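As structure tokens, the structure follows; a few thoughts come after it.
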Amino acid sequence: MFVKKLVVDYFLKVAQDIESLKMVERELKVKPEKGLSISVLGPRRAGKTTYMKGVAKSMEESFYIDFEHTAFRAITPEEVIELLSLYSEVLGRTPEAIFLDEVQRLKGWEGVVRSLIDTGKYVFVSGSSSKLMSREIATQLRGRSISYVLLPFSFREYLKAKGVRVKKYMTLEEEGNIKNQLKKFFTNTSYPGVVLTGNYRLLQEYYNTILYNDFVERFELKSIELARFIFDFMLSNFSREFSVNKIYNFLKSQGLRFGKNTLYTYVEKIPETLSVFFVEKLEKSIYKKPWPKKVYVADLGLANIISVEESVGYRMENIVFLELLRKTNEKPVMGIHYFRSTDGYEVDFVIKEGLEVKELIQVSYASDFDEVDHREIRALLKAGEMLKCKNLTVITWDYEDERDISWFGRKGRIKFVPLWKWLLYQHT
């Protein structure tokens, strides 16, 4: 049940908020489509609510509800349709686009969304990553939804927030400023709320909320001690390979006793917070075990809370992963893997589209060709030959070139691209 006076007040205030909304333009572009719902998913505090309001502002007639608002705490699915009529009565217009924020708060939300889709409305939903996952949406809406991922600020969005203009051609001084901003970007945080306010205390709040609400409470985990250890382990080992056996043996060495099945359960649940991501090794056989995996985090500011890891190389690699993940919004069939040969040579990223390997990427903290580890180049050439891929890239700190290289009987043409250029111009 809802209180009409509260709802009317909410509608009037939200309409004003959306009309006067000022925000850093996000790069995620969603394509409204009737007959389908558009789902915007992402880690907590990535800016989903502001983004949804921004999309609502761009549509001619929009109906927006945040189900976490007091006015809608006790609402039933049937009453949502009544709210549409009330909205038209109050504002004198019929909405064509429906925005349901934190929709998981509404019991039976799936039926409401399907009904709205059937009426021919544009429907957008978003929710806390701890309670609304892409696979849940796909199951509940029976294939009638397209999901997008919204992450914290990209480097380009970060520069916009800082008022730094990106030009096609820049002076050496301007390039130096961009590189200085990049160091700040991956040594601090990319969460919009922190970047825009400068309030770094928020990071501890985000950490606690993700750990306890999105991880422990959501999955009803019995051991907070184990949950915290696993979360901290992932945050402090970003851009590294890990296995459950490795974690199990470490816990055992510390005198902590947990069964392997319990440990597997905890580890496999943590990516569902969308604050931690796993990347699997590329294997020819689907029957190969998916372990070990590599771990990446949605924001390096979280890692700073429990880790003193300052390795620029690892941070660069994590930033590259997040940028690749953003590209899956444009290329939904794109897959991200890593490669490791039987003799230990590793390629950081293998980019696939369907069955075809499109690009191999290494990340190296190098400012000159001689600073690039020869093992990285050798691994790139070997993987290129094995996977029949000629598109070979090394993302560096400040070295740019394109070379034909022949080492150890293998040949290939390799592009060397500075990270700042790769982040700023790869979409242009």
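The values are calculated or read from the model by the stated rules, or taken from the named source; none is laboratory data. The model shown is predicted, which means the values in this text are computed figures rather than measured ones. Here the Cβ is made from the backbone with ideal geometry for all residues, glycine too, and neighbour counts use every protein chain on show.
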Practice task
Among residues belonging to the stretch 206-231 that are of a type in the set (D, E, K, R) and more than 19 Å from the chain's Cα centre (by Cα), point out the one that is surrounded by the fewest Cβ atoms within 10 Å (Cβ to Cβ).
Solution key: 220
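Okay, residues lined up against (1) surrounded by fewer than 19 Cβ atoms within 10 Å (Cβ to Cβ); (2) over 17 Å from residue 149 (Cα atoms):
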site	(1), (2)
322	no, no
325	yes, no
349	no, yes
353	yes, yes
361	no, yes
Practice task
Please verify whether the stretch 189-212 includes one or more residues that are of a type outside the set (Gly, Ala, Ser) and touching a strand residue (DSSP E or B) at 6+ places or on another chain (Cβ under 8 Å).
Solution key: no
Handout entry: Counted residues, the stretch 396-410 - those being loosely packed, with under 12 Cβ neighbours inside 10 Å and either touching a helix residue (DSSP H, G or I) at 6+ places or on another chain (Cβ under 8 Å) or touching a residue at least 24 places away in the same chain (Cβ under 8 Å) (or both)
Key = 2
Practice task
Would you please name the residue that is surrounded by the fewest Cβ atoms within 10 Å (Cβ to Cβ), looking only at residues in the stretch 132-176 that are in a helix (DSSP H, G or I) and at pLDDT 95 or above?
Solution key: 161
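Of all strands (runs of 3 or more DSSP E) completely enclosed by the stretch 328-428, which ones contain at least 2 residues that are acidic (Asp, Glu)?
346-353, 356-363, 401-407
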Completion exercise
Those residues of the stretch 184-199 which are in contact with a helix residue (DSSP H, G or I) (Cβ under 8 Å, 6 or more places away or on another chain) and charged (D, E, K, R) amount to none
Exercise for the section: Output the residue which, of all residues in the stretch 261-318 that are part of a helix (DSSP H, G or I) and among the charged types (D, E, K, R), is nearest to residue 362 (Cα to Cα). Expected result: 317
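If the requirement is being surrounded by fewer than 16 Cβ atoms within 10 Å (Cβ to Cβ) and either part of a loop (DSSP other than H, G, I, E, B) or of a type in the set (A, V, I, L, M, F, W, C) (or both), which of these qualifies: 107, 57?
Testing whether each residue is surrounded by fewer than 16 Cβ atoms within 10 Å (Cβ to Cβ) and either part of a loop (DSSP other than H, G, I, E, B) or of a type in the set (A, V, I, L, M, F, W, C) (or both) leaves just 107.
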